[in-house]
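Peer 1: Here it is: the structure, laid out below.
The values are calculated or read from the model by the stated rules, or taken from the named source; none is laboratory data. Computed from a predicted model, the values in this text were never measured in an experiment. Because the Cβ atoms are built from the backbone with ideal geometry, glycine has one as well, and the counts that use them run over all protein chains shown.
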Amino acid sequence: MERETGILTEVDTYDWITFLPMSDGTGAYNRYFGRLNTGKMKIRGVMARKGDTPEYVNKMQQEVFEILAEARSLKDLRRIEPKARGVYRRYMDELDGADVRSTGTKLI
């Protein structure tokens, strides 16, 4: 493909990937997260990737992504789902007292 078109290509192999929904219910090609077969997470189009995201939101998403990175399969995702939901609930419970000014740091 590269030789024919001159356009460089990149192939990522995922253990699993989630495309975030658009308003019509389909998955957005530029808003997703998933675990690469290298064990690293690839994250695009979420609040933690933006420089103006409140640190509180950034920290919550980073904690959830760290948990999700443990999963190598759908079975693993189902096993760790309660742990990830627990992080979300903890941040929601503490939201009233949180500083939500836009001072976040971009997630790499």
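To keep it simple, each residue is scored yes or no on (1) over 17 Å from TYR14 (Cα atoms); (2) modelled with pLDDT of 85 or more; (3) part of a loop (DSSP other than H, G, I, E, B).
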| site | (1), (2), (3) |
| --- | --- |
| ASP24 | yes, yes, yes |
| PHE33 | no, yes, no |
| ALA48 | yes, no, no |
| ASP52 | yes, no, yes |
| GLN61 | yes, yes, no |
| LYS83 | yes, yes, no |
| GLY86 | yes, yes, no |
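Peer 1: In this structure, is GLU2 modelled with pLDDT under 90, more than 29 Å from GLY97 (Cβ to Cβ) and among the acidic types (Asp, Glu)? Can you show your working first?
Peer 2: Numbers: modelled with pLDDT under 90: yes; more than 29 Å from GLY97 (Cβ to Cβ): yes; among the acidic types (Asp, Glu): yes.
The answer is yes for GLU2.
Peer 1: Show the residue pairs that are 6+ apart or on different chains and have beta-carbon atoms under 7 Å apart, the first residue being within region 33-52 and touching a residue at least 12 places away in the same chain (Cβ under 8 Å) and surrounded by 15 or more Cβ atoms within 10 Å (Cβ to Cβ), the second being of a type in the set (Asp, Glu) and assigned to a strand (DSSP E or B).
Peer 2: Taking only residues 6 or more apart or on different chains, the pairs are ARG35/ASP15.
Peer 1: Take region 13-29 and flag every residue that is surrounded by fewer than 11 Cβ atoms within 10 Å (Cβ to Cβ) and in contact with a Leu (Cβ under 9 Å, 6 or more places away or on another chain).
Peer 2: THR13
Peer 1: Right, another one. When both residues are 6+ apart or on different chains and their Cβ atoms are under 6 Å apart, which pairs have a first residue that lies in region 74-87 and is farther than 9 Å from VAL64 by Cα, and a second that is of a type outside the set (A, V, I, L, M, F, W, C)?
Peer 2: From residues that are farther than 9 Å from VAL64 by Cα, the pairs are ILE80/GLU70.
Peer 1: Keeping to region 64-81, report how many residues are buried (at least 17 other Cβ atoms within 10 Å of the Cβ) and either of a type outside the set (A, V, I, L, M) or modelled with pLDDT under 95 (or both).
Peer 2: Qualifying residue count, region 64-81: 1.
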